[in-house]
Amino acid sequence: MKKIIKHTPKLDGENGWLATAPDANKLFSEPLKGNHQFDVVIIGAGFTGISTALRLAENNPSLKIALIDALQIGQGTSGRNAGFLSDIPHHLDANLYSKKEIEQSISLSAFALNKLKAYKDHYQIPHWDDAGKYLSAREGENVALLKKFIKALEYSGIEYEWLSGNPLQKRLGTPYYRASVYTKGAALVNPATLIRGLIAALPESVTLFENSPVSAIDYQQPLHKVHFVGGSINAEKVILTTNAYLSAFGIAGNKTLPIFTYASLTAPLSSDQISQYFQDISAWGTTPAHHAGTTVRLTSDHRIFIRNSFDYLPTLQADAAKREKAWKIHRQSFLARFPFLVNNEFQYTWGGMISLTRNQAPQFATPYKNVYLISGCNGSGVIKGFYLGYYLADYLSKIESENLRFILKTANPNWLPKGPIRQIVTSYRIPRDTKAARGDV
Ligand SMILES: Cc1cc2nc3c(=O)[nH]c(=O)nc-3n(C[C@H](O)[C@H](O)[C@H](O)COP(=O)(O)OP(=O)(O)OC[C@H]3O[C@@H](n4cnc5c(N)ncnc54)[C@H](O)[C@@H]3O)c2cc1C
């Protein structure tokens with residue numbers, strides 16, 4: 001059965017993280033040309049695909065593995081996100097999950113964060129801050145969400161600080177938020193620097209092909225055939241770690257929803273601005289208590305990062321008009337929090353896709369014989385993708401563990417509508433949720 005890939009990834013604006021990463025223009029590989037044979041082909045060299053490749057090669061050093069990406073490493077969503085490596089899952093809710101499930105999710109997140117930290121230390125990957133993270137609310141209704149989060153933290157014995165008023169303002173340099181919950185375990189990174197830094201860890205048995213969009217796949221036995229313009233790969237096993245692009249592959253589209261969100265990054269603040277407004281304030285990052293709110297960071301090189309706005313775009317591409325609209329909202333969110341920075345412009349604005357599921361469970365599936373997929377990052381897939389990739393490799397290598405059993409049991413998203421119904425639902429839900437977040441946008 002041949003499936004044509006309907007949409008391949010595009011740049012969607014100027015990614016500020018990649019532009020400010022070391023050796024941003026360096027290519028790690030040639031594009032794929034000619035016909036090749038590998039044991040395994042992994043499509044998607046983001047955090048999930050790289051983690052899968054690293055662990056699979058560790059488990060089976062003699063396997064010949066091809067790792068493919070349509071873009072240059074760091075140009076994809078793994079290099080475009082807000083850079084929160086959170087040790088605590090976003091969606092902790094003591095009312096929805098059992099104590100055991102919450103503890104297992106936290107332990108998986110900690111496992112992935114520690115692995116990434118070990119790679120960062122070993123390969124001396126810069127732009128990593130062990131800054132912890134805030135979850136913040138301005139609106140009274142959203143403060144109630146902070147309280148729900150605290151309940152889950154207390155349930156699991158996780159330390160936190162509740163901050164409001166002057167102490168909070170002193171930590172962030174803005175009086176904007178009514179309250180925040182600070183947890184100390186998360187890291188804040190330049191995600192493009194990190195994903196590019198991980199390439200050094202790939203062993204020789206893994207061959208990377210950047211700038212190589214897959215145009216079609218023949219799912220067939222005994223070898224699947226993956227097509228490119230000017231080339232192909234025959235492989236026994238195909239792994240799809242394309243996250244939100246999964247829908248372009250024409251499989252499993254009724255479980256995940258690709259949604260665009262957008263980010264902007266300023267130039268570094270001046271030394272006068274730092275001493276006047278951010279004296280003794282180190283890098284920080286906050287996610288919003290309301291899911292439709294704004295993520296904000298002050299980076300260690302004193303740039304301000306803003307992320308918000310959502311679009312459902314079935315073409316999997318955001319045009320300039322969409323980015324312009326997001327930029328305007330970013331500007332409002334920025335000025336609301338930092339009115340004293342009125343003369344600071346954004347240097348970069350870009351979009352990227354997240355893969356949502358209805359019940360926030362990721363997808364970890366085998367749609368055809370010897371074809372495996374991971375999707376459904378739900379906006380926090382750096383850590384989640386990293387551990388799912390690791391355990392997918394264990395699954396293929398028949399290495400059992402409690403963590404793998406937990407993933408197999410829980411990574412099961414609910415059904416979502418497709419086609420025009422999906423369009424109607426999203427065109428109603430996105431504005432409704434944004435309105436409900438109010439001042440937290
Ligand atoms: C603006 C923004 C902010 C975010 N903030 C955070 C955050 O702070 N923390 C967090 O954990 N998560 C965050 N996320 C989500 C996070 O970026 C994703 O969960 C993460 O990138 C998922 O990694 P992945 O490897 O599964 O998928 P991706 O990073 O999307 O990688 C998939 C790769 O597949 C490639 N691909 C797709 N189609 C093809 C094809 N036809 N041929 C070849 N290659 C193909 C793509 O080019 C891409 O590089 C954010 C996302 C966005 C957009």
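The values are calculated or read from the model by the stated rules, or taken from the named source; none is laboratory data. Computed from a prediction, not measured in an experiment: that's the story for all the values here. In this analysis, Cβ positions are derived from the backbone assuming ideal geometry, glycine residues included, and neighbour counts consider all displayed protein chains. Remember, those area values only see protein heavy atoms, side chains included, never the ligands or the DNA or RNA. Shrake-Rupley method; radii C 1.70, N 1.55, O 1.52, S 1.80 Å.
Apolar share of the accessible surface for segment 190-343: 52 percent from carbon plus sulfur atoms, 1.4 Å probe. For the pair Asp23 and Ala283, a Förster radius of 25 Å applied to the C-beta separation gives a FRET efficiency near 0.65, rounded to the nearest 0.05.
Residue ranges 239-245, 335-341 sort as 239-245, 335-341 when ordered by packing (mean number of other C-beta atoms within 10 Å per residue, highest first). Would you mind classifying segment 3-46 by shape? Square roots of the alpha carbon gyration tensor eigenvalues, ordered a ≥ b ≥ c; an a/c under 1.5 is rounded, otherwise it is prolate if a/b is larger than b/c and oblate if not. Since a/c reaches 1.5 but b/c is at least a/b, the shape of segment 3-46 is classed as oblate. Among Ser380, Ser205, Ser86, the residue with the largest mean-square fluctuation in a Gaussian network model of the chain, with springs joining Cα atoms closer than 10 Å, is Ser205. Restricting the calculation to Cα atoms, segment 216-259 shows an Rg/Rh of 1.02 when the hydrodynamic-style radius is the Kirkwood one. Solvent exposure of segment 107-185 amounts to 50 Å² per residue of accessible area, where only protein heavy atoms count and the probe is 1.4 Å. For the listed peptides 267-275, 354-362, a ranking on the average number of other beta carbons within 10 Å per residue, highest first, reads 354-362, 267-275. Both the radius of gyration and Dmax for the chain are 21.1, 66 Å, in that order, over alpha-carbon atoms. Solvent-accessible surface of segment 302-358, taken per residue with a 1.4 Å probe and all protein chains present: 43 Å².
Between the listed residues Ser51, Leu18, Val40, the Cα displaced farthest toward the positive end of the dipole of segment 1-101, a dipole computed from Cβ unit charges relative to the Cα centre, is found at Val40.
Summing +1 for each Lys or Arg and -1 for each Asp or Glu among the other residues whose beta-carbon sits under 14 angstrom from that of Tyr428 gives +2.
Note on the chain: helix-only mean residue ellipticity at 222 nm, from DSSP H runs of 4+ residues weighted -39500 (n - 2.57) and normalised by residue number, equals -10000 deg cm²/dmol. Taking Lys and Arg as +1 and Asp and Glu as -1, the other residues whose beta-carbon sits under 13 Å from that of Ser401 total +1. Cross-link reach is defined here as a Cα-Cα straight distance under 22 Å, omitting same-chain residues fewer than 8 places apart; for Lys133 the lysines meeting it are Lys115, Lys117, Lys120, Lys147, Lys148, Lys151, Lys170, Lys184, Lys384. Taking 4 °C and 1.567 mPa s as the conditions, I'd like the Stokes-Einstein D for segment 276-416 in µm²/s, using the Kirkwood hydrodynamic radius from alpha carbon pairs. D = 72 µm²/s.
Calculated accessible area for segment 4-98 comes out at 40 Å² per residue, all protein chains present (probe 1.4 Å; ligands, DNA, RNA ignored). The smallest convex shape that holds all Cα atoms of segment 82-216, its convex hull, gives 182 Å³ per residue. Taking the inverse of the mean reciprocal distance over all distinct Cα pairs, the Kirkwood hydrodynamic radius of segment 19-144 comes to 17.9 Å. The stretch between Ser62 and Asn211, if pulled fully straight at 0.36 nm per residue, gains 51.1 nm over its current Cα-Cα span. Of the peptides 386-392, 292-298, 319-325, the order by per-residue mean of other Cβ atoms within 10 Å, starting with the highest, comes out as 386-392, 292-298, 319-325.
Rounded to the nearest 20 debye, the dipole magnitude of segment 5-111 is 260 debye, with +1 charges on Lys and Arg beta carbons, -1 on Asp and Glu beta carbons, and the Cα centre as origin.
In segment 39-82, the C-alpha radius of gyration followed by the widest Cα-Cα span (Dmax) gives 11.2, 36 angstrom. With a 1.4 Å probe and all protein chains left in place, how much of the accessible area of segment 1-118 comes from carbon and sulfur atoms, in whole percent? That fraction is 52 percent.
Among Arg196, Arg80, Arg422, the largest mean-square fluctuation in a Gaussian network model of the chain, built with springs joining Cα atoms closer than 10 Å, belongs to Arg422. Springs between Cα atoms under 10 Å define the GNM used for the chain, and in it the highest mean-square fluctuation of Ile73, Ile306, Ile106 occurs at Ile106. The phi torsions of segment 225-230, fed into the Karplus equation with coefficients 6.51, -1.76 and 1.60 and a -60° offset, translate into couplings of 10, 9, 9, 10, 6, x Hz, rounded to whole numbers, with Gly and Pro shown as x. Distance from the Cα centroid of segment 120-156 to that of segment 35-70 is 32 Å (rounded to whole angstrom).
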